[in-house]
Amino acid sequence: MHDYRLTQLISPDELRRHLDEMAERINKDYEGKSLVLIGILKGSFIFLADLARRLTVPVEIDFVRLASYGTKTETSGQIEITKDIELAVEGRDVLLVEDIIDTGTTVAWYLEKMQGRSPASIKICALIDKYERRSKEVPIDYVCIPLEKGFVVGYGLDFSERHRNLPGIYEVQFT
């Protein structure tokens, strides 16, 4: 295991404020409608749960798990669905909920797959938009935290499956 330390970037209180603001926007945008939230596993589960509790519009929740093959730092671009959604989305308003959008490759691929299922609308919601390494442009409709760069953990984000349970967002600094 690497030697590293964690430095807090976003406190739990700051996260709550960002989530409150995002939920308010989503509630206004979907007023009078119902919404299907699709969380992209594993990283989105904490963010999605906290977001869903703040929404006043009717919601249904489902999850998808995507596998992107390659090295730990680079995707090969080969993506597959290892756990698909179970809810029907045809003719429905869908919000994809992702923990972090980095290169954009995985979300762009899944967005294309979801559009083939003919939802009434489909938007993307991200806890973190990390645009430093963006190679595929994706329309991110709701962003909690824009970050230029950095390797971050906490609040669902992991480093080798660790630190997902931290209540804030921390930058991993290798020593």
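Springs between Cα atoms under 10 Å define the GNM used for the chain, and in it the highest mean-square fluctuation of S121, S160, S44 occurs at S160. Shape analysis of region 35-152 based on the Cα gyration tensor places the equivalent ellipsoid semi-axes at 22, 17, 13 Å, largest first.
In straight-distance terms, cross-link reach from K113 covers every one of the aspartates and glutamates whose alpha-carbon lies under 14 Å from its own, apart from those fewer than eight places away in the same chain; here that gives E80, D84, E90.
For region 128-134, 3J(HN,Hα) computed residue by residue from phi via the Karplus equation (6.51, -1.76, 1.60; θ = phi - 60°) reads 10, 10, 9, 8, 4, 9, 4 Hz, glycine and proline entered as x.
Cross-link partners for K42 among the lysines, with Cα-Cα distance under 18 Å and sequence neighbours closer than 8 places in the same chain left out: K72, K83, K130. Evaluated with a Cβ-only charge set (Lys, Arg +1; Asp, Glu -1), region 10-157 carries a dipole of roughly 180 debye about its Cα centre, given to the nearest 20. Longest stretch of the chain clear of exposed loop sites (GluC sites (Glu not before Pro), DSSP loop, at most 11 other Cβ atoms within 10 Å, sites excluded): 32-73.
Rounded, prolate or oblate: pick one for region 1-55, where a ≥ b ≥ c are the square roots of the eigenvalues of its C-alpha gyration tensor, a/c under 1.5 means rounded, and failing that, prolate if a/b is larger than b/c, else oblate. It is oblate, given that a/c is not under 1.5 and a/b is not larger than b/c. Which FRET efficiency value, to the nearest 0.05, do you get for R17 and T56 by plugging their Cβ-Cβ distance into 1/(1 + (r/R0)^6) with R0 = 25 Å? My answer for the efficiency is 0.90.
The numbers here are math on the coordinates, done by the rules we state, and not lab data. The structure displayed is predicted, hence computed values, not measured ones. Here the Cβ is made from the backbone with ideal geometry for all residues, glycine too, and neighbour counts use every protein chain on show.
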